[in-house]
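Each reported figure results from applying straightforward, stated rules to the coordinates on display, with no laboratory input. From a predicted model like this one, the values you see are computed outputs, not experimental measurements. In this analysis, Cβ positions are derived from the backbone assuming ideal geometry, glycine residues included, and neighbour counts consider all displayed protein chains.
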Amino acid sequence: MKYQKKRETDEAAQVSNQYNIQWFPGHMARTLRVMEQEIQNVDASLILLDARIPLSSLNPEIERITARKPRLYALNKADLADPAVTEEWVRYFRSADAGCVAINAKSRGGAAAVRAAIERELSGLLARRQARGMGGAKTQVMLCGIPNVGKSTFINTFAGAARAKAADRPGVTKGKQWVSTETFDLLDMPGVLWKKFDSRTIASNLAFIGSIKDDILDVEELAMNLLDEVRRNYPELVAGRYKLDAETLALPPYELMEAIGRRRGLLVRGGEVNTERCAQMLVDEFRACKWGRITLERPPRRGDADDGEDEA
Ligand code: G4P
């Protein structure tokens, strides 16, 4: 896909490979094997994606495993994403004949939207069960997604009680667990990342939103890439947040980061900018939506070639 290809470099591939071991630990491989088995026993799957990076959070292994049953995509954290682009994404998935809803897992509305969408997706099956006098059987749904996408939060809201503990770091959900409501049995699978990243864009996007553990990343590089990426599509948000004029906004990424650090008074003795602190501040503020609602990926246009420019 051109959006991903655009920024691939040999150097990036090396960086990705270097991190593969940490990015795909043994428990993720085990989770995929369990998913292969469990998909046979459920009625449908619910794939949580991050609305800010729908493609980069769409794990091809999960896609492959869940393809054999009806599935619904939920674009979670839609409250952090650009609403206009989220609408485009919902249209994109639906035009490929997949159920898709945009949600905020923290809100009850999000859970209700998913419940209704699953019932819509499975209307045929539910009607058949009803006809066979099995209308009371619970709908079994496998819940999957990458680490930190909001599965625990979703389950808490969906099941109406604090059954799964939301945590502030990726990879906390360790084993599969069933969570039941009156009409659903939800099988919560631990978050799974990629076995191998094919593009720098995917790796970077996952890092930007916090799905890859920060302690294996260079935070300054992360922040510079983030600034560079976001200023292309949302220059006004970066400029507005850090009170930058057009000239400063156009600086090379390291100098831009320094300018922001200086403005924020993040200095060390001698008056130099503490770029590490500045980088962490930038990443934290982006993740907390302080820059504004931002989506880092646009849906590919139908019939897109693999090269050329993206829509802004
Ligand atoms: P996981 O099980 O998939 O690993 O994710 P988890 O539910 O632990 O959620 C990871 C973080 O994402 C949590 O934030 C959670 O509150 C947040 N989150 C989940 N869904 C949404 C959503 O739709 N919108 C927003 N804005 N945030 C969401 P945290 O900072 O780690 O924890 P907390 O401070 O919220 O307790």
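With (1) touching a residue at least 40 places away in the same chain (Cβ under 8 Å); (2) crowded, with 21+ Cβ neighbours inside 10 Å as the list, and Arg232 as the residue in question, which single condition is left unmet?
With respect to (1) touching a residue at least 40 places away in the same chain (Cβ under 8 Å); (2) crowded, with 21+ Cβ neighbours inside 10 Å, Arg232 is out only on (2).
Residue check: is Ala74 within 10 Å of the ligand (Cβ to nearest atom) and assigned to a strand (DSSP E or B)?
For Ala74, the condition - within 10 Å of the ligand (Cβ to nearest atom) and assigned to a strand (DSSP E or B) - is met.
Going by the structure shown, is Glu272 in contact (Cβ under 8 Å) with a residue 12 or more places away in the chain, more than 16 Å from the ligand (Cβ to nearest atom) and over 19 Å from Ala239 (Cβ atoms)?
no
Which residues, taken from the stretch 194-205, are buried (at least 17 other Cβ atoms within 10 Å of the Cβ) and either hydrophobic (A, V, I, L, M, F, W, C) or more than 11 Å from the chain's Cα centre (by Cα) (or both)? Working first, answer last.
Filtering the stretch 194-205 down to residues buried (at least 17 other Cβ atoms within 10 Å of the Cβ) leaves 194, 197, 199-205.
Trp194, Phe197, Ser199, Arg200, Thr201, Ile202, Ala203, Ser204 - these are the residues of the stretch 194-205 that are buried (at least 17 other Cβ atoms within 10 Å of the Cβ) and either hydrophobic (A, V, I, L, M, F, W, C) or more than 11 Å from the chain's Cα centre (by Cα) (or both).
Of the residues Val90, Val114, Val101, which is within 16 Å of the ligand (Cβ to nearest atom), touching a residue at least 40 places away in the same chain (Cβ under 8 Å) and not in a loop (DSSP other than H, G, I, E, B)? Before the answer, list the steps.
Numbers: Val90 fails: touching a residue at least 40 places away in the same chain (Cβ under 8 Å); Val101 fails: touching a residue at least 40 places away in the same chain (Cβ under 8 Å).
From the options Val90, Val114, Val101, the qualifying one is Val114.
Let's see how each residue does on (1) more than 16 Å from the ligand (Cβ to nearest atom); (2) more than 16 Å from Asn148 (Cβ to Cβ); (3) within 15 Å of the chain's Cα centre (by Cα):
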site: Val192; (1), (2), (3): no, no, yes
site: Ala207; (1), (2), (3): no, no, yes
site: Asp214; (1), (2), (3): no, no, no
site: Val219; (1), (2), (3): yes, yes, no
site: Leu227; (1), (2), (3): yes, yes, no
site: Arg232; (1), (2), (3): yes, yes, no
site: Asp245; (1), (2), (3): yes, yes, no
site: Leu251; (1), (2), (3): yes, yes, no
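Of all the residues that make up the stretch 146-160, how many are assigned to a loop (DSSP other than H, G, I, E, B) and more than 8 Å from the ligand (Cβ to nearest atom)?
So the count comes out to 1.
Please specify each residue of the stretch 39-71 satisfying the condition of being in a helix (DSSP H, G or I) and either surrounded by fewer than 17 Cβ atoms within 10 Å (Cβ to Cβ) or within 15 Å of the ligand (Cβ to nearest atom) (or both). Before you say what the answer is, go through the steps one by one.
Pass one, the stretch 39-71, residues in a helix (DSSP H, G or I): 39-41, 60-66.
Within the stretch 39-71, Gln40, Asn41, Pro60, Ile62, Glu63, Arg64 meet the criteria.
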